[in-house]
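The values are calculated or read from the model by the stated rules, or taken from the named source; none is laboratory data. Note that the structure is a prediction, hence the values are computed from the model and not measured. Counting neighbours? That spans all protein chains shown, and the Cβs are built from the backbone with ideal geometry, glycine included. Side chains included, ligands, DNA and RNA excluded: accessible areas come from the protein's heavy atoms. Shrake-Rupley method; radii C 1.70, N 1.55, O 1.52, S 1.80 Å.
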Amino acid sequence: MTDRSELVALVGHPNVGKSTLFNALTGGRAKVGNYPGITVDFQQGSFRTPHGRRLELVDLPGCLSLDGDSPDQEVTRRAIHGEIEQLPAPDLVIAVVDASSLERHLPLVIELLELGKPLVVALNRVDLAERDGLRLEPDKLSEELGVPVVPLRADAGKGIVELKQSLRTPLPAPSQRDWSDTAARRDTAHRIAAVAARRATAHHETTSDRLDRVLLHPVLGWLVFLAIMFVLFWSIFSFASVPMGWIEAGQEWLVGVVEGAMAEGDLRDLLTSGIIEGVGAVVIFLPQILMLFFFIGLLESTGYMARAAYLMDGFMARVGLSGKAFLPLLSSYACAIPGVMATRTIPSAKERLVTIFVAPWMSCSARLPVYLLLIPMLLGGRESTAVQSLVMLGVYALGTLTAFFVARLLRGRLGPDEVEQHFMLELPSYQAPQWGYILRHVLDRGAAFLRKAGTVILGIVILLWAAQTYPKSDSDDPAEQLSHTVVGRVSDAIEPVVRPLGFDGRTGTAVITSFAAREVFVGSMAVLFSVDESDDEAETRDRIRERIAAETWPDGSPMFDIPAVLSLLVFYIYALQCLPTTAVVAREAGSWKWAIGQFVFMSLFAALASLVVYQVGSLIAGS
Amino acid sequence: MKPARIPDLELDSLTSLSKARVGCDFQIRAVSGPGCDQLRKLGFCESLQVRKLAHGRNLICSVCGTRLAVSRQLAEQVLVSPVAA
Ligand SMILES: Nc1nc2c(ncn2[C@@H]2O[C@H](COP(=O)(O)OP(=O)(O)OP(=O)(O)O)[C@@H](O)[C@H]2O)c(=O)[nH]1
Ligand SMILES: [Mg+2]
């Protein structure tokens, strides 16, 4: 095809604002954050120049040079050379540079010039350069480099029109120059920088330097770090209870409407105790999941995330990882998939494999509904939010510590890197959180969660409801009717297997359904344990937790005593019940063996841990 | 590798960045060792100025207005001389 629109590629160091610029040009939704290495894959969009030409744009991961060896930088290199299948070779490159630090950024620009492709330099972050007292001379820079230079402030949308105007095509290719060796390239870069961006003083202390003195302090820094982590979990419990109340009220209102409008029967039962109960039981945790994404977004946006990685480096080194593994692991608390993707920024291949392997043990947000259902049961529902947060922190700590322990073992077995890797990280300037981006990201994740609730969870809840309603028996006794249904038979069959873990057949069934998605467990429990009560119209609808907590074994002893709830908790901390994660692990690790090994290992580990906890717990409780 | 252009006599008077004093400005005189490529890409190049901001397992420096954290082993490969204040 000859009339395809031309492709423009955004290339630059990590964190200079490529994705911000991508969004400003295309109106796209690329993820932005104040941490080097947010973008790890290419993303496409398109826009029109003022002359009405349509151009394709591709946002690429940041790179310091074109020969970097981590997988994210490899994406960039391959994209520039047109080696990515879905992506033609770019016709034009926009080199995004940080105006406040030209000396560091120009060597890459020169490397790009040597490619001989048309090039435009986007001189971003002019606001920071001005703040630092730099005398910027874009014209001189343009003259020296022989390509157009456009000063801009991508985050405020300034200079975008000028940039679009400069993309007049066909662009002349820059005059071929070859500096041939990197030292010559660097010398040229420094000479040009000295002309185009004169520094008034070598250094002056910025607010970020002052903040860092506290936040990176060997003692104070850790106190702040721990306080931030505690507030994160505490707020998940306390702030989110208000919107949760609304969702609950809405759910009750909906049941009322359905019950008022429909005659008693299977269909009404499907709607109320199947769909509304089951899906509602999961959706109610939406606010808490959003809070988690919000907090992680906040840490990324302000620039604190890089500091946390710096602080954690020493700790991570003891288990054979580095500070670079911190962001992938922390984002796995929200969802393991972006977490596993983020491991692309880790330069050491072995460290990357190990990080991918243990990432699913950072409890992801899909486990939150399960934890939030179980933890109050453990405490009898009377304890304050502070105590609940502490238990929650313990749950997260257990998963995390086991992950570190396994990482250490695994790292020891894989042996040292061929090329020794050292920690190095840019610590970006602190900035006020970008509420717009955070909000959009949170909303996107919320929508994804609701989509899941509307598809996977809804589907399973309906199936489950049908499985425990049919086939009908002639008996009027609900218990006898239940044992006649599919669910009744299945749970009778699996009860002997799951009994040593402390579960009855129904809980066992719920656990099995949660291999489709972890949150399904809560919906399944709501459906499976709503049977006894559904014939009693007058009874006020108990919250599902209270209903489950009141369940007893046939001998009258409580079914969900402390060992049983602990056993369930431990199972969910360790089990890898997420097919998309397994698929992404296979892709990122480049090996299905690794992914399947991880799945089998984690499932067995979960079952075993659960068994030990229940058996030991029961012994202690019984003695 | 490129041979260092600095006479041996002068090399002796240089300190490594890992041993340099916190809070002072330095000029980078030589970068040599197994990590020198990485260091240069990051911005630790000969003739640039650097201010050391913190000691530790990873030290923090400011190069051309950018704060960078680098491990001590890497910083040992950066030789600096003080800049008169
Ligand atoms: N002060 C200032 N900040 C900017 C400007 N442009 C972008 N930023 C901020 O820089 C940070 C990084 O922006 P991104 O667009 O995520 O950077 P990126 O180049 O895509 O980074 P990676 O994907 O990690 O390589 C964000 O917090 C932006 O708000 C600018 O012109 N001025
Ligand atoms: Mg980006």
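For the stretch A:452-559, with all protein chains present and a 1.4 Å probe, just round the carbon and sulfur fraction of the accessible area to a whole percent. C and S atoms contribute 60 percent here.
Take each residue in B:74-80, count the other chain C-beta atoms within 10 Å of its C-beta, and the mean is 1. Using only protein heavy atoms and a 1.4 Å probe, how much accessible area in total is buried between B and A, to the nearest 100 Å²? Looking at B and A, the buried total is near 2700 Å².
For the stretch B:13-82, report the accessible area per residue in Å² (1.4 Å probe, heavy atoms, rounded to an integer).
With the other protein chains kept in place, the stretch B:13-82 gives 36 Å² per residue.
Considering only Cα atoms, the convex hull volume of the stretch A:377-419 works out to 67 Å³ per residue. Checking every one of the GluC sites (Glu not before Pro) in the stretch A:206-264 against DSSP loop status and a limit of 15 other Cβ atoms within 10 Å picks out A:Glu264.
Output the Kirkwood hydrodynamic radius of the stretch A:6-199, Cα pairs only, in Å rounded to one decimal. Could you put the intermediate results ahead of the total?
On the way: mean 1/r = 0.0608 Å⁻¹.
One over the average 1/r among Cα pairs gives 16.4 Å for the stretch A:6-199.
Contact order for chain A, expressed relative to its length and based on alpha carbon pairs under 8 Å spaced 6+ residues apart, stands at 12 percent. Of all the C-alpha pairs in the stretch B:13-82, what % are more than 21 Å from each other? Value for the stretch B:13-82 (Cα pairs over 21 Å): 6 percent.
Take every Cα pair under 8 Å whose residues are at least 6 apart in sequence, average their separation, divide by the length of the stretch A:1-87, and the relative contact order is 30 percent. When the helices of chain A are scored as -39500 (n - 2.57) per DSSP H run of n ≥ 4 and the total is divided over every residue, the value at 222 nm lands at -17500 deg cm²/dmol.
Measuring heavy-atom accessible area with a 1.4 angstrom probe and counting protein chains only, the residues of the stretch A:268-315 that give up at least 40 Å² relative to the chain alone are A:Tyr310. Other residues lying with their Cβ under 9 Å from the Cβ of B:Asn58 contribute a combined charge of +1, Lys and Arg counting +1, Asp and Glu -1. Averaged over the residues of peptide B:48-55, the number of Cβ atoms from other protein chains lying within 10 Å of each residue's Cβ is 4.
Classify the stretch A:452-559 as rounded, prolate or oblate, taking a ≥ b ≥ c as the square roots of the eigenvalues of its Cα gyration tensor: rounded when a/c is under 1.5, otherwise prolate if a/b is larger than b/c and oblate if not. List each step's numbers first, then the result.
Details: a/c = 1.21, a/b = 1.12, b/c = 1.09.
In terms of gyration-tensor shape, rounded.
Would you mind working out the accessible area per residue for the stretch A:6-199, using a 1.4 Å probe, and quoting it in Å²? Numbers along the way, then the final one.
Working: 7440 Å² over 194 residues.
On a per-residue basis, 38 Å².
Of the residues A:Phe47, A:Ala194, A:Met312, the one whose Cα sits farthest towards the positive end of the charge dipole of the protein assembly as shown is A:Ala194 (charges of +1 on Lys and Arg Cβ, -1 on Asp and Glu Cβ, taken about the Cα centre).
Here's the picture: charge each Lys and Arg Cβ at +1 and each Asp and Glu Cβ at -1 in the stretch B:13-82, and of B:Ile28, B:Ser62, B:Leu48 the one pushed furthest to the positive end of that dipole is B:Ser62.
For the stretch B:36-45, backbone phi angles converted through the Karplus equation (6.51, -1.76, 1.60; θ = phi - 60°) give residue-by-residue couplings of 5, 4, 4, 4, 5, 4, 6, x, 7, 10 Hz, Gly and Pro being listed as x. Couplings 3J(HN,Hα) of the stretch A:554-560, computed from phi: x, 7, x, 7, x, 6, 9 Hz, in residue order, whole Hz [Karplus 6.51 cos²θ - 1.76 cosθ + 1.60, θ = phi - 60°; x for Gly and Pro].
Going by accessible area, probe 1.4 Å, with all protein chains left in place, what is the ranking of A:Ser348, A:Ser5, largest first? Present the calculation step by step, with values, prior to reporting the outcome.
On the way: A:Ser348 0, A:Ser5 30 Å².
Greatest to least solvent exposure: A:Ser5, A:Ser348.
When the residues A:Trp361, A:Trp594, A:Trp246 are ordered by accessible surface, computed with a 1.4 Å probe over the protein chains alone, the sequence from largest down reads A:Trp246, A:Trp594, A:Trp361.
Only one residue of A:Leu163, A:Ala336, A:His217 has its Cα farthest out toward the positive end of the dipole of chain A, where Lys and Arg carry +1 and Asp and Glu -1 on Cβ, and that residue is A:Leu163.
Note on the protein assembly as shown: Kirkwood hydrodynamic radius from all Cα pairs is 28.1 Å, rounded to one decimal. For the stretch A:412-436, a decrease in accessible area of 40 Å² or greater in the assembled protein chains relative to the isolated chain, with a 1.4 Å probe, applies to A:His422, A:Phe423, A:Met424, A:Leu427.
In this view, the solvent-accessible surface of A:Lys31, computed with a 1.4 Å probe and all protein chains in place, comes to about 80 Å².
To the nearest 20 debye, what charge dipole does the stretch A:452-559 have about its Cα centre, counting +1 at the Cβ of each Lys and Arg and -1 at the Cβ of each Asp and Glu?
Once rounded to the nearest 20, the dipole reads 780 debye.
Dipole size of the stretch A:9-79 about its Cα centre, with +1 on Lys/Arg Cβ and -1 on Asp/Glu Cβ: approximately 440 debye, rounded to the nearest 20.
Near B:Leu17: Cβ cut-off under 10 Å, other residues only, Lys/Arg at +1 and Asp/Glu at -1. The net charge is +2.
In debye to the nearest 20, how big a dipole does the protein assembly as shown give about its Cα centre with +1 on each Lys and Arg Cβ and -1 on each Asp and Glu Cβ? List each step's numbers first, then the result.
Working: 66 positive and 74 negative charges, 593 e Å.
Dipole about the Cα centre, nearest 20: 2840 debye.
Normalised by the number of residues in the stretch A:6-199, the mean separation of alpha-carbon contacts (under 8 Å, six or more apart) gives a relative contact order of 22 percent. Highest average first, the peptides A:480-487, A:497-504 ordered by how many other beta carbon atoms sit within 10 Å of their residues are A:497-504, A:480-487.
Over all other residues within a Cβ to Cβ distance under 11 Å of A:Leu10, the charged ones net out to 0, with Lys and Arg as +1 and Asp and Glu as -1.
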